[in-house]
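Colleague: Have a look at this one.
The values are calculated or read from the model by the stated rules, or taken from the named source; none is laboratory data. Bear in mind the structure is a predicted one, so any value in this text is a computation, not a measurement. Neighbour counts run over all protein chains shown; Cβ positions are idealised from the backbone, glycine included. Ligands, DNA and RNA are stripped out before the accessible areas are found, and what is left, the full protein with its side chains, is counted by its heavy atoms. Shrake-Rupley method; radii C 1.70, N 1.55, O 1.52, S 1.80 Å.
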Amino acid sequence: MSKAIHAIESKSLSIRKAAAKYNINYSAVFRRLKRLPGSIKAHGGQPALNANEESFIVHRIQICADWGYPLDAFTLRMLVKQYLDELGKVIKRFKNNVPGRDWAYSFLHRHKKEISERLCQNIKRSRAAVSPEVITDYFKLLENELKDVPPQNILNYDETNLRDDPGKKKVIVRRGCKYPERVMNSSKSSTSIMFSAAGDGTILPPYVVYKAVHLYGSWTQNGPKYTRYNRTKSGWFDSQCFEDWVRTIAIPYLKKLTGKKVLIGDNLASHVSMELIRLCLEHDIHFIYLPANSTHLTQPLDVAFFAPLKRYWRQILEQWKLKAGRNMSCVPKDKFPRLLNNLMKKIEVNGSNNIKSGFRKCGIIPIDKDEVLKMFPVESNNSDNQPTQEIEALDKAFVNLLKSMRYEETGKPQKKSKL
């Protein structure tokens, strides 16, 4: 075909003579030469929707995902049905105008450069409500407070928990087994830990809080070096634990440094006492509180550190439950420090790089609010060359879909009857 086209364009042969010489159908050479719209079809079966329609749908899918309402394959199929019904268009290969699962798979494959299926995580509406204006105001404060402060003087702290359940895992079973199971004791209990790290990648010792009334010596042995231990009735941090963390973990690290020091973390104002304020002023330590409900965007530990930490913890916990802890439903408090020590050794391999990546992704080091703002959805002014009727039908289908997601009634609560 390419030789025939070259011969025709160089005017050495006519279309008919070139087709005859290279044994190609005349109409095929003519269509390729003239490049008539829609004259050259793709290999295999032809898509039910044309290229413009599919491109328009891909663009709207991207917008839905940006705004926190990503579609699944089933919703995509229902969306196409609604669009076809709106136009009054019937596609015989679709049963009741509903595309099949194979169509959805082929659609994703055709547009794999623009969209793909991924596992998603759920966030609360309060987190989704964080606006670019809130982030912009936060970075104005950040620029003033962190001016001329070196990375090693900036500490990010955050509380998390390590559960006693290693979670689910893919296993090999007999073909046809619907409900695979494995014997492994687990519980819903967890242990709270305060982690902290500096902007230069330094990871400070963890601070462990047990759920107990008393603290025993065996619960503090064989753990990571310089780790501190405490206990509360709830198992979570209170004002006394937070003050003790500042005294025993943060200050011993920061007092060796010169210049202004900054602690960045959640708004724990209720945990800050007058004595703690006096102590921090004495060592030139300042607090910066993150905007409410924004830690998934602005907390370096949340963004880049805790995910690999929890993954390593599940691996260590699973190995322990398969051997020494196979008969224990939960991790005994006297065994926890040793497992935590194994975790810290494993996380230290790439932990420093993860911490630096977290500070960079959160726009703290270096200060760059665009690193956070680019994670917000943006208005798109993409122009469409679709016929007006098709644009209106597709837009109406997407609007109805988003309305049902956002405003659909969940039902009135059932009234309690008195006996």
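Colleague: Wholly within region 222-313, which helices (runs of 4 or more DSSP H) include no fewer than the required count, namely at least 2 residues that are under 27 Å from Arg360 (Cα atoms) and modelled with pLDDT under 90?
Modeller: It comes to 295-298.
Colleague: Test each condition in (1) modelled with pLDDT of 60 or more; (2) of a type in the set (S, T, N, Q); (3) part of a loop (DSSP other than H, G, I, E, B) for Asn385 and report the one that comes out false.
Modeller: (1)
Colleague: Additional query: What residue, among those in region 15-32 that are closer than 7 Å to Ala4 by Cβ and not aromatic (Phe, Trp, Tyr), is surrounded by the fewest Cβ atoms within 10 Å (Cβ to Cβ)?
Modeller: For region 15-32, the residue satisfying everything is Ile24.
Colleague: Okay, next question. Considering only residues of region 78-123 that are without any contact (Cβ under 8 Å) to a residue 24 or more places away in the chain and of a type in the set (Gly, Ala, Ser), which is farthest from Ile61 (Cα to Cα)?
Modeller: Gly88
Colleague: Something else now. What are the residues in region 339-368 that are open to solvent by less than 70 Å² (accessible area, probe 1.4 Å) and not in a helix (DSSP H, G or I), if any?
Modeller: Hits for region 339-368 are Cys362, Gly363, Ile364, Ile365, Ile367, Asp368.
Colleague: Next question. Give, as residue ranges, the strands (runs of 3 or more DSSP E) completely inside region 112-211 that count at least 1 residues that are among the acidic types (Asp, Glu) and touching a helix residue (DSSP H, G or I) at 6+ places or on another chain (Cβ under 6 Å).
Modeller: By residue number, 154-163.
Colleague: Quick check, is Leu276 of a type in the set (A, V, I, L, M) and open to solvent by less than 40 Å² (accessible area, probe 1.4 Å)?
Modeller: Yes: the conditions hold for Leu276.
Colleague: Further question on the same structure: Pull out all pairs, ordered by first then second residue, where Cβ-Cβ is under 6 Å, the residues are six or more apart or on different chains, the first lies in region 187-216 and is closer than 17 Å to Tyr229 by Cα and touching a residue at least 40 places away in the same chain (Cβ under 8 Å), and the second is open to solvent by 30 Å² or more (accessible area, probe 1.4 Å) and of a type in the set (A, V, I, L, M, F, W, C).
Modeller: Ser192/Trp236
Colleague: Would you mention how many residues in region 78-118 are closer than 14 Å to Pro47 by Cα, of a type outside the set (A, V, I, L, M), open to solvent by less than 40 Å² (accessible area, probe 1.4 Å) and within 31 Å of the chain's Cα centre (by Cα)?
Modeller: The total comes to 5.
Colleague: I need the full set of residues from region 298-314 which are open to solvent by 50 Å² or more (accessible area, probe 1.4 Å), in contact (Cβ under 8 Å) with a residue 12 or more places away in the chain and not β-branched (Val, Ile, Thr), in order please.
Modeller: Passing the criteria: Asp302, Lys310, Arg314.
Colleague: While we're on this one: Identify all residues within region 228-265 that are among the charged types (D, E, K, R), buried (at least 18 other Cβ atoms within 10 Å of the Cβ) and more than 25 Å from Pro337 (Cβ to Cβ); write none if there are none.
Modeller: Within region 228-265, Lys261 is the sole residue that qualifies.
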